[in-house]
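The values are calculated or read from the model by the stated rules, or taken from the named source; none is laboratory data. Only a predicted model underlies this, so the values are computations on that prediction, with no experimental measurement involved. Positions of Cβ are generated from backbone atoms using ideal geometry, with glycine treated the same way; all protein chains shown enter the neighbour counts.
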């Protein structure tokens, strides 16, 4: 269910401190890759570079088809390669929506010539993402859909959500949910709290997310079906997820670098690059997300990479669309703001950016072992760099990190046996 | 060789009450008082800003704010022009950025901005070289309204320190309330926000005010500040109160709800019979026309303050603070 441009495999050797938590490796090794496959792992002398299983992003907007001025399969996957990713999953809220085998088929065909990094395409749960009728989930799965989501919009109807959970058994691919109760979030531009109160921004309360999370977890429990919760932001959602998992619900979840690094205090700047859905929330929410990421309740980091045209973000905050880009800064932002201050061990971050999302969305898991396809990222943890518009491979530049100094840099990315990025 | 230009003077903006100190407020009010004194003479016009250009860029309907900024600029001898979104290129879909940069090409000294979205004046400040005054952005800030309210209050009551102001009504949608709470806090007064819980934003007490849903709590205040009930907020699906009738019954400022000695303020435009009883609006206790008068001198003071600090030679035509 992952597709990328046709072509051969590379042979190369890499040396460094290999950190592969899922394989129980943390030692200096020389990795030999022969025709795209790891053929040897040998002891090596100490080396400051870190080599890890390459990253998997379960949540990317490639804006194709429809908004190729914002991102294309090529630019988006080049950005992914530069961010250390060996696999990404693209959202179906395009123009047209990916809700039929024909639209999906054209994306698969284009990815075979354009996608630098293996790319999976999610298809819509409901036709046109209108929340009225189920898409042809089984046919879409047969045509290669990686998972199903109406991301960008919630599945408002509990009845349709229940049917999607039941019917997804036929499709055999996960359901990934954007949880938002629209009558609570309507008119909302920022987290409801002291900051939105002072700035006079329409409030988007935490309950707009957590109420839907609780509903979907209840339905999943009743139907005994798995589900994946996207871009969690609120502590109430985390608490609900924790309870459901303890009760045996097969629920997985992701959160984003911006929700892990920032709070709604950042919105005081009224910079439209700090406007996202769900919104940045309070300190207690960020604390809950970090705790959940550390203990594995939230098993995946997802960028929710959402490119927007410059002229659409160059407007007052309330008029700006939701979303920020993140593929090229995800590791460095989390390394700088979580690992260096001691909030999160490096191994945990690497696991939550690679094995965690791969398992949650059931895509092939990058592994460092002899005989595995090479999916590797080489990291220079000492590197310092400044985020600048000119450096982005993405066609868009709506980053919340513009101008900031970060630590840790992706030097090389090997995806499915091919070197796709070299700094 | 191109001629060397002198370094650009530092720009100053008035975007939010948050940017002001108590000293700033006291200086502005003092300047306004001295301007008021000079306007009482024979000559209503001062030469202070001769040669300066003030552009009013208004994306929302306005009577008193636009009129008072225009008149304030004219009284200070500035050249002034007013651009409204209706009838301008904004109607043809021109972005705020492009409109601001177009106006900036005429090199205005000051741009006064009113816009339905929070943060628009900050963007105009970023995209142009002018000093920018926020004349109301979304539900965020209206700093000159807060300043004129302080001016009118001080004129009427002789002090600001220690005053207690009850701000009654639709706080949720009110940039006036947000600016005023902050300004009152800066000068040592305090405020209580009173309204139905659906119209009081969650978290607003962080601005340093009390919150109540009981109109009886207004009795303890020196000042009852009545907010406009924005009727457009009553659209289907957007009804924050069950009916205007019920709102008026619970929160309307009637003569019975005004204690002797209290003064009543309203930023206008008033919905007589909704948030304020006409008998109160027309009573001795009402400072509404004092507020409008204060608007002129306070806006003159703000224009004067922003424009003169950056000048090479100080104006001499008037007594300055």
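Every residue, every condition in (1) part of a helix (DSSP H, G or I); (2) under 15 Å from residue A:103 (Cα atoms); (3) under 18 Å from the mean Cα position of the chain (by Cα); (4) within 14 Å of chain B (Cβ to nearest Cβ), yes or no:
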position: A:128; (1), (2), (3), (4): yes, yes, no, no
position: A:140; (1), (2), (3), (4): yes, yes, no, no
position: A:153; (1), (2), (3), (4): no, no, yes, no
position: A:166; (1), (2), (3), (4): yes, no, no, no
position: A:169; (1), (2), (3), (4): yes, no, no, no
position: A:183; (1), (2), (3), (4): yes, no, no, yes
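Please tell me if residue A:170 is farther than 24 Å from residue A:231 by Cβ, touching a residue at least 24 places away in the same chain (Cβ under 8 Å) and either touching a helix residue (DSSP H, G or I) at 6+ places or on another chain (Cβ under 7 Å) or crowded, with 23+ Cβ neighbours inside 10 Å (or both).
Considered against the rule, which asks whether it is farther than 24 Å from residue A:231 by Cβ, touching a residue at least 24 places away in the same chain (Cβ under 8 Å) and either touching a helix residue (DSSP H, G or I) at 6+ places or on another chain (Cβ under 7 Å) or crowded, with 23+ Cβ neighbours inside 10 Å (or both), residue A:170 comes out as yes.
So for the stretch B:231-240 (the condition being surrounded by fewer than 22 Cβ atoms within 10 Å (Cβ to Cβ), in contact with a helix residue (DSSP H, G or I) (Cβ under 6 Å, 6 or more places away or on another chain) and within 14 Å of chain A (Cβ to nearest Cβ)), does at least one residue qualify?
Yes.
Being away from every other protein chain (no Cβ under 14 Å) and surrounded by fewer than 24 Cβ atoms within 10 Å (Cβ to Cβ) is the filter here, so list the residues in the stretch A:186-211 that pass it.
Matches in the stretch A:186-211: A:210, A:211.
Quickly run through the stretch A:244-274 and pick out the residues that are touching a residue at least 12 places away in the same chain (Cβ under 8 Å), outside any loop (DSSP other than H, G, I, E, B) and more than 14 Å from chain B (Cβ to nearest Cβ).
Residues satisfying the conditions are A:244, A:245, A:251, A:252, A:253, A:254, A:255, A:257, A:258, A:259, A:260, A:261.
Considering only the stretch B:204-226, state which residues are more than 12 Å from every other protein chain (Cβ to nearest Cβ), touching a residue at least 24 places away in the same chain (Cβ under 8 Å) and part of a loop (DSSP other than H, G, I, E, B).
B:221, B:222
Could you check, for the stretch B:78-100, whether at least one of its residues is in contact (Cβ under 8 Å) with a residue 40 or more places away in the chain, closer than 26 Å to residue A:313 by Cβ and within 14 Å of chain A (Cβ to nearest Cβ)?
Yes, the conditions are met somewhere in the stretch B:78-100.
In the stretch B:83-103, how many are in a helix (DSSP H, G or I), surrounded by 17 or more Cβ atoms within 10 Å (Cβ to Cβ) and either at pLDDT below 90 or not assigned by TED's automatic domain parsing to the domain that holds residue B:114 (or both)?
Going through the stretch B:83-103 one residue at a time, the tally reaches 1.
Quick check, is residue A:357 within 29 Å of residue B:96 (Cβ to Cβ) and in contact with a strand residue (DSSP E or B) (Cβ under 8 Å, 6 or more places away or on another chain)? Steps first, answer last, please.
Numbers: within 29 Å of residue B:96 (Cβ to Cβ): no; in contact with a strand residue (DSSP E or B) (Cβ under 8 Å, 6 or more places away or on another chain): yes.
When the stated conditions are applied, residue A:357 does not pass them.
Looking only at residues that are assigned to a loop (DSSP other than H, G, I, E, B) and more than 13 Å from every other protein chain (Cβ to nearest Cβ) in the stretch B:169-194, which one is nearest to residue B:140 (Cα to Cα)? Step through it out loud before you land on a result.
If we filter the stretch B:169-194 for residues that are assigned to a loop (DSSP other than H, G, I, E, B), which is where we start, we get B:169-174, B:187-189.
Okay, now just the ones that are also more than 13 Å from every other protein chain (Cβ to nearest Cβ), so B:169, B:187-189.
Details: B:169: 16, B:187: 20, B:188: 22, B:189: 21 Å.
Ranking the candidates gives B:169 first.
Looking at the stretch B:130-145, is at least one residue assigned to a strand (DSSP E or B) and on the phi > 0 side of the Ramachandran plot? Can you show your working first?
Step one: list which residues in the stretch B:130-145 are assigned to a strand (DSSP E or B), which gives B:131-137, B:141.
If we keep only those that are on the phi > 0 side of the Ramachandran plot as well, we get B:136.
Within the stretch B:130-145 (the criterion being assigned to a strand (DSSP E or B) and on the phi > 0 side of the Ramachandran plot), the answer is yes, since at least one residue qualifies.
Going residue by residue through the stretch A:303-323, is there one that turns out to be out of contact with any helix residue (DSSP H, G or I) (no Cβ under 6 Å at 6 or more places or on another chain), farther than 30 Å from residue B:140 by Cβ and crowded, with 21+ Cβ neighbours inside 10 Å?
No, the stretch A:303-323 has no match at all.
So residue B:64 clears everything in (1) out of contact with any strand residue (DSSP E or B) (no Cβ under 6 Å at 6 or more places or on another chain); (2) more than 23 Å from residue B:116 (Cα to Cα) except one condition, right? Which one?
(2)
Checking the condition touching a residue at least 40 places away in the same chain (Cβ under 8 Å), within 26 Å of residue A:310 (Cβ to Cβ) and more than 13 Å from chain A (Cβ to nearest Cβ), which residue from B:103, B:71, B:66 passes?
From the options B:103, B:71, B:66, the qualifying one is B:103.
For the stretch A:344-363, which residues satisfy the criterion of being surrounded by 17 or more Cβ atoms within 10 Å (Cβ to Cβ) and more than 15 Å from the chain's Cα centre (by Cα)?
A:344, A:346, A:348, listed by residue number.
Considering only the stretch A:37-44, I want to know if a residue exists there that is touching a strand residue (DSSP E or B) at 6+ places or on another chain (Cβ under 9 Å), within 30 Å of residue A:148 (Cα to Cα) and buried (at least 20 other Cβ atoms within 10 Å of the Cβ). Can you show your working first?
First, pick out the residues of the stretch A:37-44 that are touching a strand residue (DSSP E or B) at 6+ places or on another chain (Cβ under 9 Å): A:37-44.
Those left that are additionally within 30 Å of residue A:148 (Cα to Cα): none.
No, the conditions are met nowhere in the stretch A:37-44.
Taking residue B:309 and the conditions (1) surrounded by fewer than 17 Cβ atoms within 10 Å (Cβ to Cβ); (2) modelled with pLDDT of 95 or more, which numbered condition does it fall short on, given that it satisfies the others?
With respect to (1) surrounded by fewer than 17 Cβ atoms within 10 Å (Cβ to Cβ); (2) modelled with pLDDT of 95 or more, residue B:309 is out only on (2).
Please tell me if residue A:216 is within 14 Å of chain B (Cβ to nearest Cβ), crowded, with 23+ Cβ neighbours inside 10 Å and touching a strand residue (DSSP E or B) at 6+ places or on another chain (Cβ under 6 Å). Break it down into steps so the answer makes sense when it comes.
Working: within 14 Å of chain B (Cβ to nearest Cβ): no; crowded, with 23+ Cβ neighbours inside 10 Å: yes; touching a strand residue (DSSP E or B) at 6+ places or on another chain (Cβ under 6 Å): yes.
Spelling it out, it is not the case that residue A:216 is within 14 Å of chain B (Cβ to nearest Cβ), crowded, with 23+ Cβ neighbours inside 10 Å and touching a strand residue (DSSP E or B) at 6+ places or on another chain (Cβ under 6 Å).
With the structure loaded, tell me whether residue B:201 is closer than 20 Å to residue A:203 by Cβ, in a loop (DSSP other than H, G, I, E, B), assigned by TED's automatic domain parsing to the domain that holds residue B:187 and modelled with pLDDT of 95 or more or whether it fails that test.
On the way: closer than 20 Å to residue A:203 by Cβ: yes; in a loop (DSSP other than H, G, I, E, B): yes; assigned by TED's automatic domain parsing to the domain that holds residue B:187: yes; modelled with pLDDT of 95 or more: yes.
Yes.
Report, by residue number, each residue of the stretch B:117-141 that is under 20 Å from residue A:198 (Cβ atoms), more than 8 Å from chain A (Cβ to nearest Cβ) and surrounded by fewer than 24 Cβ atoms within 10 Å (Cβ to Cβ).
Once the filter is applied, which keeps residues that are under 20 Å from residue A:198 (Cβ atoms), more than 8 Å from chain A (Cβ to nearest Cβ) and surrounded by fewer than 24 Cβ atoms within 10 Å (Cβ to Cβ), the stretch B:117-141 yields only B:125.
Has the stretch B:30-42 got at least one residue that is surrounded by fewer than 20 Cβ atoms within 10 Å (Cβ to Cβ) and touching a strand residue (DSSP E or B) at 6+ places or on another chain (Cβ under 8 Å)?
Let us first name the residues in the stretch B:30-42 that are surrounded by fewer than 20 Cβ atoms within 10 Å (Cβ to Cβ), namely B:30, B:33-34, B:36-42.
Now restrict to residues that are touching a strand residue (DSSP E or B) at 6+ places or on another chain (Cβ under 8 Å): none.
The answer is no, given that none of the residues of the stretch B:30-42 is surrounded by fewer than 20 Cβ atoms within 10 Å (Cβ to Cβ) and touching a strand residue (DSSP E or B) at 6+ places or on another chain (Cβ under 8 Å).
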